[in-house]
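Just so it is clear, none of the values below were taken in a lab; they were calculated from the coordinates. Just so you know, these numbers come straight off a predicted model, no measurement behind them. Cβ placement follows ideal geometry from the backbone for every residue including glycine, while neighbour counts extend to all protein chains displayed.
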Amino acid sequence: MFNGNHEYAAKDRLKDGTAVIVRAIKASDKDLLQQLMKDVSAESRYFRFFCAKKVLTSQELKYFTELDFDSHIGLIVSLCDKKETPIAVGRYITQTEDEVSGEGKAGAELALLVGEDYQRQGIGNILLDHLAQIAITKGVSEFVCYIMPENSKMLSFLRHSKYPTNRLKRSASVISMTVDLNSENKSA
Ligand SMILES: CC(C)(COP(=O)(O)OP(=O)(O)OC[C@H]1O[C@@H](n2cnc3c(N)ncnc32)[C@H](O)[C@@H]1OP(=O)(O)O)[C@@H](O)C(=O)NCCC(=O)NCCS
C-alpha cells in the first residue's frame, strides 16, 4: 500500500550541532541497515534483538526495509555526507489491542537502535518524536517497548522521556513499558 509516509524526510540536528537526515526506510536501504549492524556494539545489538546477532539475514533485511508504512513504519537517521552514513534506526509495528495495555488503546511496538558513537546526542528522542508524529496521524496513541531488565540505557531513556510512561509488567527476561503519545506533560 502506498501512502505519503513512504517519502517522509526531515532535517534535524544533534546536540553537538551535527546535521542529520531522518527519512523513511526504503527497500534500497538493505546495505545501509547491514552497515549500521556492523557499526553498533554487540551489546546494543543484543539489547535490540534479544539475542547475539551480528548481521541481518536476507529475510530480516527484507522485513526491515520493505515496509507498508501503514502497520510498519521505519525511519533511518543518516549523516548529511556523500555516503549517507547511517547512525540510527527506529521503527514501530502496530499491535493488536490485547498485545498492548489492553485498555482499548491503538498501540504499536517501538524499537530503536542508535550507533554507539552517536548515543547521548538526542537521536533517540528525535526518532521517538518523528515516529510519534506519524503514529498520532494514524490514530496510534501508545507505543509499547520490550526491554531487557539489564538495559539501563533504554530504561533511563524512557524515564526521562517527555511522554508519560508506564511499566506494564516485568518478567525475568523482559520489562514491558508503554509510552503515552497523547500527552507530553511529563516533566523531564
Ligand atoms: C536506548 C537508546 C535508544 C538511547 O538513544 P540515545 O540517542 O542515546 O538517546 P538520547 O540521546 O535521545 O537520550 C535522551 C535521554 O535518555 C537518557 N539516556 C540515554 N542514554 C543513557 C545512558 N546511557 N545512561 C543514562 N541515561 C541515558 C538521558 O536522560 C538522555 O538525556 P541526556 O543525554 O540529556 O542526559 C540507545 O542507547 C540505543 O540504541 N541502545 C541500544 C539498542 C537498544 O537498547 N534499543 C532499545 C530496545 S527497544
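Some values worked out for this structure:
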{"read-out": "Qualifying residue in the stretch 85-92 (condition: in a helix (DSSP H, G or I) and aromatic (Phe, Trp, Tyr))", "value": "no"}
{"read-out": "Selection within the stretch 29-42 - more than 16 Å from the ligand (Cβ to nearest atom) and either part of a strand (DSSP E or B) or touching a helix residue (DSSP H, G or I) at 6+ places or on another chain (Cβ under 8 Å) (or both)", "value": "Asp29, Lys30, Gln34"}
{"read-out": "Tyr46 being within 15 Å of the ligand (Cβ to nearest atom) and outside any helix (DSSP H, G or I)", "value": "no"}
{"read-out": "Which numbered condition Gly107 fails, given (1) buried (at least 22 other Cβ atoms within 10 Å of the Cβ); (2) over 11 Å from the mean Cα position of the chain (by Cα); (3) under 14 Å from Leu14 (Cα atoms); (4) not aliphatic (A, V, I, L, M)", "value": "(3)"}
{"read-out": "Filter result (outside any strand (DSSP E or B), touching a strand residue (DSSP E or B) at 6+ places or on another chain (Cβ under 8 Å) and either among the hydrophobic types (A, V, I, L, M, F, W, C) or near the ligand (Cβ under 6 Å from one of its atoms) (or both)) within the stretch 158-170", "value": "Leu158"}
